[in-house]
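A short write-up of the structure that comes next.
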Amino acid sequence: MAHENEKTIRSALGRARGMGSAKDGTHHFWMQRVTAMALLPLSLFFLWHLDSIAESDYTAFLKWMAHPTVAIAAILFVVASFYHALLGVQVIIEDYVHAEGLKIACLLLNKFSFFGLGFACIFAICYINFAL
Amino acid sequence: MSNIERPLSPHLQVYKWQLTMALSILHRATGFGLALGAVALTWWLMAAVNGEEAYQQFQSYAHSFIGQLMIFGWLWAFTFHFLNGIRHLVWDTGKWLDLKSAYASGYAVVAGSLVCTGAIWFAAGY
């Protein structure tokens with residue numbers, strides 16, 4: 001048990017609660033690396049297709065996007081990159097936003113933003129493939 | 001949460017600027033910049049869904065001066081974050097952590113990101 005005059009960097013509240021960490025830091029760290037590894041080949045794939053991405057002809061762009069390999073790679077890229085970004089921005093918020101209420105609001109906004117944008121992208125890729 | 005005075009590590013302003021800390025900060029900054037690119041990516045794909053007119057509207061924004069400036073910025077942020085990310089992954093294996101390797105790989109990342117940005121920009125025909 002922690003003694004009255006024992007030197008510790010744990011806060012009084014943390015000591016009173018005695019729950020330690022939330023125990024999900026390792027998973028966060030690991031998934032940041034897993035998504036990073038996935039993004040190496042995925043981003044190189046789209047770098048290789050840069051001329052198609054920069055395509056200004058609408059029908060030519062749709063035709064390229066509707067290729068199964070491109071569509072699947074695009075969905076994988078969106079999932080890996082948005083997950084990677086969500087984890088990264090979360091750490092930035094946790095590092096710099098200290099007011100508890102504002103921090104929770106920012107963390108929620110971060111999650112909602114990337115889930116919203118991510119599902120919009122996946123919907124768009126599917127729509128281009130099946131409906132256009 | 002707690003007002004009790006606890007020992008804190010000294011903050012940025014007491015340190016002399018070094019390559020390693022600058023690249024560490026840049027890794028976070030470029031990562032945040034690229035995260036903002038999620039909005040542009042979604043806008044682009046939804047423009048394609050919304051039809052030819054919306055797609056051409058997006059294209060005209062992308063080809064404007066500010067659009068090109070943003071794309072160039074994202075391209076450099078991408079090459080830097082990509083190469084420095086590999087440096088971080090190597091560090092995770094326990095290699096390159098000595099001072100000499102950390103500096104050598106750091107300079108390589110800076111040079112590599114500039115060369116790759118230029119090469120990709122010109123290869124894309126801008």
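Some values worked out for this structure:
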| item | result |
| --- | --- |
| Förster radius 45 Å - calculated FRET efficiency between A:Phe119 and B:Ile4, Cβ distance, rounded to 0.05 | 0.55 |
| Calculated from backbone phi, Karplus (6.51, -1.76, 1.60) coupling profile of region B:108-121 in Hz, x at Gly/Pro | 4, 5, 4, 5, x, 5, 5, 5, 5, 4, x, 4, 5, 4 |
| Assigned charges on the beta-carbon of Lys, Arg, Asp, Glu; the protein assembly as shown dipole about Cα centre (debye) | 820 debye |
| Chain lengthening between B:Tyr107 and B:His11 when straightened (0.36 nm per residue, less Cα-Cα) | 32.1 nm |
| Accessible-area value, B:Leu99, 1.4 Å probe, nucleic acids and ligands omitted, Å² | 130 Å² |
| Accessible area, probe 1.4 Å, largest first, for residues B:Arg28, A:Arg15 | A:Arg15, B:Arg28 |
| Theoretical FRET efficiency, 1/(1+(r/R0)^6), r = Cβ-Cβ of B:Trp121 and A:Lys63, R0 25 Å, to 0.05 | 0.45 |
| Cα long-axis angle, helix A:25-48 against chain A (0 to 90 degrees, to the nearest 10) | 20 degrees |
| Two-site FRET efficiency, B:Glu52 against B:Ala29, from Cβ-Cβ distance with R₀ of 41 Å, rounded to 0.05 | 0.65 |
| Contour minus Cα-Cα distance for B:Ser64 and B:Leu114 (0.36 nm per residue) | 15.7 nm |
| Coordinate range along principal axes, alpha carbons of region A:30-73, Å, largest first | 40, 17, 12 |
| Charge dipole (chain A, unit charges on Cβ, about Cα centre) - positive-most of A:Leu50, A:Phe29, A:Met65 | A:Phe29 |
| Those residues of region A:62-83 whose amide nitrogen sits under 15 Å from the label point placed on A:Val34, 7 Å along Cα→Cβ | A:79-83 |
| Helix-derived mean residue ellipticity, 222 nm - over chain B, DSSP H n ≥ 4, -39500 (n - 2.57), to 500 | -26500 deg cm²/dmol |
| At most 15 other Cβ within 10 Å, DSSP loop - trypsin sites (Lys or Arg not before Pro), region B:82-126 | B:Lys95 |
| Near-label residues of region B:1-39 by backbone N, under 18 Å of a point 7 Å along Cα→Cβ of A:His98 | B:1-14 |
| Residue among B:Ser64, B:His81, B:Ala123 farthest towards the positive dipole end of region B:20-123, charges placed on Cβ | B:His81 |
| Relative contact order for chain A, counting Cα pairs under 8 Å that sit 6 or more residues apart, in percent | 28 percent |
| On Cα atoms only, tilt of A:68-96 relative to the major axis of chain A in degrees | 30 degrees |
| Fraction of accessible area attributable to carbon and sulfur, chain A (%, probe 1.4 Å) | 69 percent |
| If the convex hull is drawn through the Cα atoms of the protein assembly as shown, its volume per residue in Å³ | 173 Å³ |
| Value of [θ]222 nm, deg cm²/dmol, for chain A, DSSP H segments ≥ 4, -39500 (n - 2.57) each, nearest 500 | -26000 deg cm²/dmol |
| Chain B - Rg and Dmax from Cα coordinates, angstrom | 19.5, 61 |
| Dmax and Rg, reported as Rg then Dmax, of chain A (C-alpha, Å) | 21.3, 73 |
| C-alpha long axis of helix B:52-62 to longest principal axis of chain B, angle in ° | 40 degrees |
| Longest segment of chain A lacking GluC sites (Glu not before Pro) that sit in a DSSP loop with at most 16 other Cβ atoms within 10 Å | A:7-132 |
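The values are calculated or read from the model by the stated rules, or taken from the named source; none is laboratory data. Predicted model, so just to flag it, every value in this text is computed and none were measured. Note that we place each Cβ from the backbone using ideal geometry, even for glycine, and neighbour counts take in every protein chain shown. Note: areas computed on protein heavy atoms with side chains; ligands, DNA, RNA excluded. Shrake-Rupley method; radii C 1.70, N 1.55, O 1.52, S 1.80 Å.
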